[in-house]
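**Q** Have a look at the structure that comes next, please.
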There are 2 protein chains.
Amino acid sequence: MTANRTETRRQRPDAAEIALIDRYWRAANYLSVGQIYLLDNPLLREPLKAEHIKPRLLGHWGTTPGLNFIYAHLNRIIRARDANVIYVCGPGHGGPGMVANTYLEGTYSEVYPAIGEDAEGLQKLFKQFSFPGGVPSHVAPETPGSIHEGGELGYALVHAYGAAFDNPDLVVACVVGDGEAETGPLSTSWQSHKFLNAARDGAVLPILHLNGYKIANPTVLARMSDEDLRSLFTGYGYQPYFVEGHEPEKMHPRMAEVLDEVFDVIAEIQAKARSGDAGHGCPRWPMIVLRSPKGWTGPKEVDGLKVEDFWRSHQVPVSNCRGDAGHRKILEEWMQSYGPHDLFDEAGRLRPELRALAPQGRRRMGANPHANGGLLRRTLELPDIRDYAVAVESPGRDLGQSTRVLGSYLRDVMRMNDKYSNFRVFGPDETESNRLGDVFQATDRVWMEDIQPYDVHLSPDGRVMEVLSEHLCQGWLEGYLLTGRHGFFSCYEAFIHIVDSMFNQHAKWLQVSRELSWRKPVSSLNYLLTSHVWRQDHNGLSHQDPGFIDLVANKKADIVRIYLPPDANTLLWVGDHCLKTYDRINVIVAGKQPEPQWLTMEEAVQHCEAGMGRWDWASNEGEEEPDVVMACAGDVPTMETLAAVDLLREHIPDLKVRVVNVVDLLALQPQYRHPHGLDDEAFDALFTKNRPVVFAYHGYPYLIHRLTYKRRNHGNIHVHGFVDEGTTTSPFDMTVMNELDRYHLALAAIKWVPGLEVRASEVVAELQGKLDAHHHYVRAYGEDMPEIRDWTWSR
Amino acid sequence: MTANRTETRRQRPDAAEIALIDRYWRAANYLSVGQIYLLDNPLLREPLKAEHIKPRLLGHWGTTPGLNFIYAHLNRIIRARDANVIYVCGPGHGGPGMVANTYLEGTYSEVYPAIGEDAEGLQKLFKQFSFPGGVPSHVAPETPGSIHEGGELGYALVHAYGAAFDNPDLVVACVVGDGEAETGPLSTSWQSHKFLNAARDGAVLPILHLNGYKIANPTVLARMSDEDLRSLFTGYGYQPYFVEGHEPEKMHPRMAEVLDEVFDVIAEIQAKARSGDAGHGCPRWPMIVLRSPKGWTGPKEVDGLKVEDFWRSHQVPVSNCRGDAGHRKILEEWMQSYGPHDLFDEAGRLRPELRALAPQGRRRMGANPHANGGLLRRTLELPDIRDYAVAVESPGRDLGQSTRVLGSYLRDVMRMNDKYSNFRVFGPDETESNRLGDVFQATDRVWMEDIQPYDVHLSPDGRVMEVLSEHLCQGWLEGYLLTGRHGFFSCYEAFIHIVDSMFNQHAKWLQVSRELSWRKPVSSLNYLLTSHVWRQDHNGLSHQDPGFIDLVANKKADIVRIYLPPDANTLLWVGDHCLKTYDRINVIVAGKQPEPQWLTMEEAVQHCEAGMGRWDWASNEGEEEPDVVMACAGDVPTMETLAAVDLLREHIPDLKVRVVNVVDLLALQPQYRHPHGLDDEAFDALFTKNRPVVFAYHGYPYLIHRLTYKRRNHGNIHVHGFVDEGTTTSPFDMTVMNELDRYHLALAAIKWVPGLEVRASEVVAELQGKLDAHHHYVRAYGEDMPEIRDWTWSR
């Protein structure tokens, strides 16, 4: 190791190379400022005039020079070691910097040929930034080399780790801004290395960029002493290196030295782990604390107020350069301070000695295929779902645990793709409790800290990722998908709200990246929401919330799918289908408790492909129009609906009842709204044009109205769902509290069929009596009446 | 200080007191197990039979003995020092422990007289736990002494800090479970002490309870070395103390010793800060790392598998004690091991020498009024909104910045209540950028780290709390409100989704606590969502999301309110109103950019009190029914609607247009659904029974359909809103992309009025031409056409 280090030291850049790196950095800074300010005159070949300045100045300078500094030094180390590096840019406001660097290295013009490497290209590059019809002000899908949208802060580091898993040769350099470092998700992301196996995974190099300020405040971390910072990151398990200062002539050599050192340490850790003598335990990975001034190299003061190294440089450090000649002068001097003539040739092309500093081809961070994961994505190999089918000889007679069956299927997905190392299962400590435990026949939970002899299914080589942080599960998975792999996230339904905002941002990423032909499709993000609202009777109200579906239903139609399979075979079809899709977010809601099984595998396939359908075996309408449609979506609503139909058919045999089950929720929407939407004719054929529909729905009932308000029979749809009534009680009592139980559903059918309430008044009384009996029984004995617990469909 | 410490050491408990504490702890453990398992035979006076056992065993043992251990020792220190302490229990599963302890100290029977302090009371106490009609399995509003629902994990510590602010005499003991410690929000909560001023705020004593396991995994923190833990918490700025072991005879004295020490340190820090010689800088507050076995004192093994000190003791360590006699024997021996005869007298009452260990009256942690904040809540003193009114001589002619006006009002709320120290403003670094900066005339941002001479509005005494973590803002505010104070949270609209789940949990807390007569009302949680979707044109798609409203609208009607004031005077009314309410969550969405001002203060008051209304000055229907209703909700939709009406009236003067503006969004719902809901007659009077309604709405359009689907004229309501089209562009272009702009709205009106499209075909062509012109202009010049930017209402 010593020899290795010594040799590396000899590679250290000499003064001449340092001078070149400094010029390269100046070029990136120049292009960054140009993007924020200029409409024209990109090389400042004439004095700066008002009309050269954008009328609206939108963009963020403050973080950008530091990002450019890091980029330039990573370029050097990539060239020196032929390293495979991507750059995750946490300070999303640094859009101008990422665009500038990918332009300088040539990637940008390859991806966007209209932005050429000449003066005209520069002018277009400047104008398009943060401009209508142009590119966003933040790092975004449009930015080559990015897998991480800047904007909502908190997820840079967790994305970086997601990218590093199963990419043994990759180094993910991740810049964490000191604003972002205050967020919760980022704070726990530091623990991620305890799930990263140096033998099979790549490396993450966190660079905490302390530039001191947020929009209008200092940052908590920047005002910590070096001693406390060292202590904090040592406590998290890292080996911190400090690069601090503001004089470029000192900062460049120091950064080069530290990068050499940390890349050596990474190589040592990996060599040791891969030599097979590593054992368990977490290696002490390096991380860098970079303290540099906010708005570094920008105007020191404007109008007598401190700007450089202060929050006033956060966004546009000198405003109104169009209208204020004095300000324009500051801008011009600032831009000239980088010496554009020294950076770009007559044609406006980066001078060749600078261009030579960028890596070549796919080693350029803007062109690294890991940052356009669809390029590397390999389709999953999937078993035949029929091999896992639950035998259903008679609908509703036997019980099964849907997620347990899916667990067997996932086990074999894991096995079949093990050789490709491209599939992982994620969850907050709930894989077993969500009944997916069969996957542990194929793999373990990954765990890099100590493992005790009595621990169960823990190993450094596991492919199940469990940590009590939905943020980490979601973020790791996003990073894993965006770099071209596949995954499955199972979560308690109520607590998926913790990552609402991450879901939003990922949906936005997909929405935009689908429009970019150069971005290749990535695998869908698949959620299995189980331990759902109707089966959290033991945990109570805090665990009861089906509202994530509502959030999802707001998204662009072709980005999202919501599935509510009522039993094991439909869940198998849905799970298998979701693993085959790409560029989507699939939400599956399914129970983990024993529940009736309705459909054979062949019936399940047909039912799921249609999205919804009539269950003939439960209906008794014959060739006539039904008196009432009993519709259902979700496993518990389906069971209660069938039990209600059972009651209706027993007590009112001449009532013509149709049962409709919905698996693909968004198919309720009109076709023009969603690609899966049923056409109106098919919808009317199922739900009739004018008969009452009692719709038992898994979540908040309002969503069904929202999805169907354009349908002809909408005025007759009466939805029962979760209305925020919950506590610790029995499973059936949960449905009663929300009037989603068999008795209330049967009573609703009787109420809405004209004239029936009078004719069937004795039935009404009996059903109400059942509700009373339930109420007393459950409070006396703590469990549901045997006739409820033991009910099965037997028609 | 030395003398002080020496004196305290003499207070240390002797062996006799330690023995009593151990018995007290055993009593709490006994009651905890009893709650999980027993229906009857609470004192084990006869052999345990099947029928004594609950049919469904719901509850969590694992964390409970540790929680009980801490409770017993806090009781001692409260008595020894007459300390004012509340207990925030992060491991929410520990419900049985918190119930047991509040019962032992007598609080429980005072709050719930039906649960007496005798054998019958014990039987009821046991039976009701996690039982239909009883109490939840988690710490919940029903639990005396709690301000923190157990369930979703992550917020214990941030709640604790919220409770400590402005409560100088209070010590908030906060137990953080090692599962919870893995979450993001908890990880950043450790930074909270950097916002806590020892001179004016109370103390938080974090107790990190490492019992090693989650549901089925070890925990990340428990497998860290003491050295790394020490480093981590030292880095966070604390002074960690370790209490580790499993032998009660060693653990009791050690815990007593450490608690004495940390209470001394707290007293020293406070004395120094309050002596006035403190200066800035963060004191190094103590925290405790308690390592104790999961399921401590429970069965060591069951069926040959490790249970104590392992995850198998997480929930119910020995199952099916009703059906399995062997298991029942284990349970009986376990419960007998606590020696119930030694703990409770013949009548079933805690023996007096043990009862004497609990503090008295309001010093009992279950009876501390800070944990029932409504008892301490003092109504805010509020200025007269008329003093801040914007003069509106003619509607829509002059521009104003609504949030800036509200800022002046909030400044004076701050000043008027300064003497009561009960009002704070929270936000993620955005108070100034959200134009509420006038509050800085009254106070600063609180900041305990170093302050530089050039820093602006930073001070240890500030009452504005800014940190780049929505989780911290929300959690601090919740803790502050639940202990009886008031606050205001301003946030970027898109990023409030980060705390969706915290909002959910707080709404659930309010829903339940409102039903408990002993819980007194707390102030409402008030959100101001600004920098909203229509004014994030500079930040792009990641910053554009109005979906929080949809989440809120799912909640129980009387818990939530959603306000969309269109201008400054309406915002003043709404802000003032919200600060007067209690037990609610109020969401206000309002812009920060200059925008037309519509209503005088008197008009604003009338309009807001009604919730919505016709704007006669903009309508030209006269005494007749209008041809079209132009409805709007939100500031930008209102401006675009008025501009559309302006166009319509200019180009089609005989078209009868009615303008309706909605401030109180949920008033659109039927009265039976929401207390503010308009009755159908009033709704029809505004929206007509059969005329087309073009509704320009701030958020996702589907919500308006959902709220109005029961209304007679619903089929004619055509909603324009945000349909997920966004990027970095101009403000007006954002509305065009989503067809919410004046041209699309006017075109929609023409389309939906029967026959008008043909008659007004030239107008249609002109409006479409305007859209084309806009498109070209904005892409050429980067800003909106002057006729758009400069438009004002001038009729």
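The values are calculated or read from the model by the stated rules, or taken from the named source; none is laboratory data. None of these values were measured; they are calculated from a predicted model. In this analysis, Cβ positions are derived from the backbone assuming ideal geometry, glycine residues included, and neighbour counts consider all displayed protein chains. Note: areas computed on protein heavy atoms with side chains; ligands, DNA, RNA excluded. Shrake-Rupley method; radii C 1.70, N 1.55, O 1.52, S 1.80 Å.
**Q** Over the Cα atoms, compute the radius of gyration (one decimal) and Dmax (the largest Cα-Cα distance, rounded to a whole number) for the stretch B:428-474, in Å.
**A** Cα radius of gyration and Dmax of the stretch B:428-474 are 10.5, 30 Å respectively.
**Q** Among B:TYR409, A:ALA325, A:TYR388, which residue has its Cα furthest toward the positive end of the charge dipole of the protein assembly as shown, with +1 on Lys/Arg Cβ and -1 on Asp/Glu Cβ?
**A** A:ALA325
**Q** Right, something else. At a 1.4 Å probe radius, carbon and sulfur cover how many percent of the accessible area of the protein assembly as shown?
**A** 48 percent
**Q** To the nearest 10 square angstrom, how much accessible area does B:TYR71 have with a 1.4 angstrom probe?
**A** Rounded to the nearest 10, that gives 0 Å².
**Q** Next question. Calculate one ³J(HN,Hα) per residue across the stretch A:317-333 by plugging θ = phi - 60° into the Karplus curve 6.51 cos²θ - 1.76 cosθ + 1.60, and present them in order as whole Hz with x for glycine and proline.
**A** Coupling constants for the stretch A:317-333: x, 10, 9, 6, 6, 7, x, 10, 5, x, 5, 5, 5, 4, 4, 4, 5 Hz.
**Q** Per residue, how much space in cubic angstrom lies within the convex hull of the C-alpha atoms of the stretch B:3-371?
**A** 124 Å³
**Q** Under unit Cβ charges (Lys, Arg +1; Asp, Glu -1), what dipole magnitude, rounded to 20 debye, does the stretch A:385-595 have relative to its Cα centre?
**A** So the magnitude is around 900 debye.
**Q** Would you mind checking which residues have amide H under 5 Å from A:VAL657's amide H? H placed 1.01 Å from N; only 5 or more apart, or other chain.
**A** Amide H neighbours of A:VAL657, under 5 Å, 5+ apart: A:ASN620, A:GLU621, A:ASP627.
**Q** Another question, then. Could you please report the charge total around B:ALA164, scoring K, R as +1 and D, E as -1 over all other residues with beta-carbon less than 14 angstrom from its beta-carbon?
**A** Numbers: positive: B:LYS194, B:ARG200, B:ARG424, B:ARG485; negative: B:ASP166, B:ASP169, B:ASP201, B:GLU478.
Combined, the nearby Lys, Arg, Asp and Glu give 0.
**Q** At B:ALA347, with labels set 7 Å past Cα in the Cβ direction, how many nm apart are the copies from this one, shortest first?
**A** With the label placed 7 Å along Cα→Cβ, B:ALA347 yields 10.1 nm.
**Q** Which value, in debye to the nearest 20, describes the size of the charge dipole of the protein assembly as shown about its Cα centre when Lys and Arg Cβ atoms bear +1, Asp and Glu Cβ atoms bear -1, and nothing else is charged?
**A** Charge dipole, the protein assembly as shown, about its Cα centre: 1680 debye, nearest 20.
**Q** When you count, for each residue, the other Cβ atoms within 10 Å and take the mean per peptide, how do B:745-758, B:347-360 rank with the highest first?
**A** B:745-758, B:347-360
**Q** Tell me the relative contact order for the stretch B:3-371 as a rounded percent, counting alpha carbon contacts under 8 Å between residues six or more apart.
**A** Working: 721 pairs, mean separation 92.5, N = 369.
It comes to 25 percent, rounded to a whole number.
**Q** Accessible area lost on pairing A with B, both sides, 1.4 Å probe, Å² to nearest 100?
**A** Heavy-atom accessible area buried at this interface is about 9600 Å².
**Q** Could you check what % of the DSSP bridge pairs in the protein assembly as shown are antiparallel, to the nearest 5?
**A** Numbers: 24 of 146 bridges.
Roughly 15 percent of the DSSP beta bridges within the protein assembly as shown come out antiparallel.
**Q** Relative contact order for the stretch B:504-587 using alpha-carbon pairs under 8 Å, separation at least 6, rounded to a whole percent?
**A** 46 percent
**Q** What are the ³J(HN,Hα) couplings of the stretch B:351-356, residue after residue, when phi is run through the Karplus curve with 6.51, -1.76, 1.60 and θ = phi - 60°? Round to Hz, x for glycine and proline.
**A** 4, x, 5, 7, 4, 5
**Q** Also, quick follow-up: Using 7 Å Cα-to-Cβ label points, what is the B:LYS300/B:ALA780 separation (nm, one decimal)?
**A** Result for the modelled spin labels: 8.8 nm.
**Q** Moving on to the next point. Can you pull the mean other chain C-beta count within 10 Å for peptide A:126-139?
**A** Across the residues of A:126-139, the mean count of other-chain Cβ atoms within 10 Å is 6.
**Q** Sticking with this one: Long-range amide H contacts for A:PHE129: which residues qualify at under 5 Å (H placed 1.01 Å from N, peptide plane, sequence gap of 5 or more or a different chain)?
**A** Placed amide hydrogens put A:VAL135 under 5 Å from A:PHE129.
**Q** Can you list, shortest first and in nm, the gaps between the label point of B:ARG415 and those of its counterparts in the other copies, using a point 7 Å from Cα in the C-beta direction?
**A** With the label placed 7 Å along Cα→Cβ, B:ARG415 yields 7.6 nm.
**Q** Counting only protein heavy atoms, probe 1.4 Å: which residues of the stretch A:689-721 lose 50 Å² or more of accessible surface in the full assembly compared with their chain by itself?
**A** Hits at the 50 Å² cut-off: A:TYR702, A:HIS705, A:ARG706, A:TYR709.
**Q** Tell me which residues come under 5 Å, amide H to amide H, from B:LYS294 once H is placed; ignore anything under 5 positions away on its chain.
**A** It is B:ASP309, B:PHE310, by chain and number.
**Q** For the stretch A:379-384, what does the Karplus curve 6.51 cos²θ - 1.76 cosθ + 1.60, with θ = phi - 60°, yield as ³J(HN,Hα) per residue in whole Hz, taken in order and with x for Gly and Pro?
**A** 4, 5, 8, 10, x, 7
**Q** Continuing with the same structure: Can you compute the FRET efficiency between A:TRP518 and A:SER319 using 1/(1 + (r/R0)^6), with r the Cβ-Cβ distance and R0 = 22 Å? Round to the nearest 0.05. Numbers along the way, then the final one.
**A** Numbers: r = 35 Å, r/R0 = 1.60.
For R0 = 22 Å, the calculated efficiency reads 0.05.
**Q** Also: What full-extension length gain, to one decimal in nm, is calculated for A:GLU247 and A:ASP680 as 0.36 nm per residue of separation minus the Cα-Cα distance?
**A** Gain on stretching A:GLU247 to A:ASP680: 149.0 nm.
**Q** Only four residue types carry charge here, +1 at the Cβ of Lys and Arg and -1 at the Cβ of Asp and Glu. Report the dipole size of chain A about the Cα centre in Debye, rounded to the nearest 20.
**A** Working: 81 positive and 107 negative charges, 531 e Å.
Value, rounded to 20: 2540 debye.
**Q** Stick to Cα atoms and the Kirkwood definition of Rh, then tell me Rg/Rh for the protein assembly as shown. Let's see the in-between values first.
**A** Working: Rg = 32.7 Å, Rh = 34.2 Å.
Rg/Rh for the protein assembly as shown comes to 0.95.
**Q** Moving on. Solvent-accessible area per residue for chain B at a 1.4 Å probe radius, Å²?
**A** Dividing the accessible area of chain B by its residue count gives 30 Å².
**Q** Using only alpha carbons, build the gyration tensor for chain B and give me the equivalent ellipsoid semi-axes, biggest first, whole Å.
**A** Values for chain B, descending: 57, 29, 22 Å.
**Q** Expected output is a single nm value to one decimal: the length gained when fully extending between A:GLN360 and A:GLU393, i.e. 0.36 nm times separation in residues minus the C-alpha distance. What is it?
**A** Taking A:GLN360 through A:GLU393 to full extension adds about 5.6 nm, to one decimal.
**Q** Is it possible to state the helix-based mean residue ellipticity at 222 nm for the protein assembly as shown, with each DSSP H run of 4+ residues giving -39500 (n - 2.57), the sum divided by total residues, to the nearest 500 deg cm²/dmol? What is it?
**A** It comes out at -11500 deg cm²/dmol, rounded to the nearest 500.
**Q** Give B:LYS419/B:LYS580; A:LYS592/A:LYS751; A:LYS710/B:LYS689; A:LYS49/A:LYS127 a once-over and call out the pairs whose C-alpha atoms are over 22 Å from each other.
**A** Listed pairs above 22 Å: A:LYS592/A:LYS751.
**Q** Still on this model: Can you tell me which of B:190-197, B:417-424 comes out highest on packing, and rank the rest after it, using the mean Cβ neighbours within 10 Å?
**A** Ranked by mean Cβ neighbours within 10 Å, highest first: B:190-197, B:417-424.
**Q** Separate question: Between B:LYS419 and B:ALA773, what is the spin-label point distance in nm, taking each point 7 Å from the Cα along the Cα→C-beta axis?
**A** Roughly 6.0 nm, to one decimal.
**Q** While we're looking at this one, here's another question. Determine the equivalent ellipsoid of the stretch A:385-595 by diagonalising the alpha-carbon gyration tensor, then write out the semi-axes as square roots of 5 times the eigenvalues, largest first, rounded to whole Å.
**A** Equivalent ellipsoid of the stretch A:385-595: 24, 22, 19 Å, largest first.
**Q** Compute log10 of I(q)/I(0) for the stretch A:567-664 with the Debye formula, placing one identical point scatterer on every Cα and leaving out solvent, at q = 0.11, 0.19, 0.20 Å⁻¹, to two decimals.
**A** The calculated log intensity ratios at q = 0.11, 0.19, 0.20 Å⁻¹ are -0.36, -0.92, -1.00.
**Q** For B:ALA114, what is the net charge nearby, where nearby means another residue's Cβ is under 15 Å from its Cβ and Lys, Arg count +1, Asp, Glu -1?
**A** -2
**Q** With unit charges on the beta carbons (Lys and Arg positive, Asp and Glu negative) and the dipole taken about the Cα centre of chain B, which residue among B:PRO144, B:HIS776, B:TYR709 sits farthest to the positive side?
**A** Going by the charge dipole, the pick is B:PRO144.
**Q** Going by the alpha-carbon gyration tensor, a ≥ b ≥ c the square roots of its eigenvalues, is the stretch B:134-189 rounded (a/c under 1.5) or, if a/c is not under 1.5, prolate (a/b greater than b/c) versus oblate?
**A** The shape class here is oblate.
**Q** Take every Cα pair under 8 Å in chain B that's 6+ residues apart, average their separations, divide by the length, and report that relative contact order as a whole percent. Please list the in-between numbers first.
**A** Numbers: 1691 pairs, mean separation 88.0, N = 795.
That works out to 11 percent.
**Q** Once the Cβ-Cβ distance between B:ARG274 and B:ASP118 is put in as r, and R0 is 56 Å, what FRET efficiency do you end up with, to the nearest 0.05?
**A** That pair, B:ARG274 with B:ASP118, gives E of 0.75.
**Q** Also: Label position 7 Å from Cα toward Cβ: report the copy-to-copy distances for A:GLU51 in nm, one decimal, ordered from shortest.
**A** Listed shortest first, these distances are 9.9 nm.
**Q** Further, regarding this structure: In chain B, if the dipole is taken from +1 on Lys/Arg beta carbons and -1 on Asp/Glu beta carbons about the Cα centre, which of B:ALA273, B:VAL175, B:TRP791 is farthest to the positive end?
**A** The residue sitting farthest along the positive end of the dipole is B:VAL175.
**Q** In nm², what is the average projected area of the convex hull enclosing the Cα atoms of the stretch B:662-795?
**A** Working: hull surface 38.5 nm².
One quarter of the hull surface, i.e. the mean projection, equals 9.6 nm².
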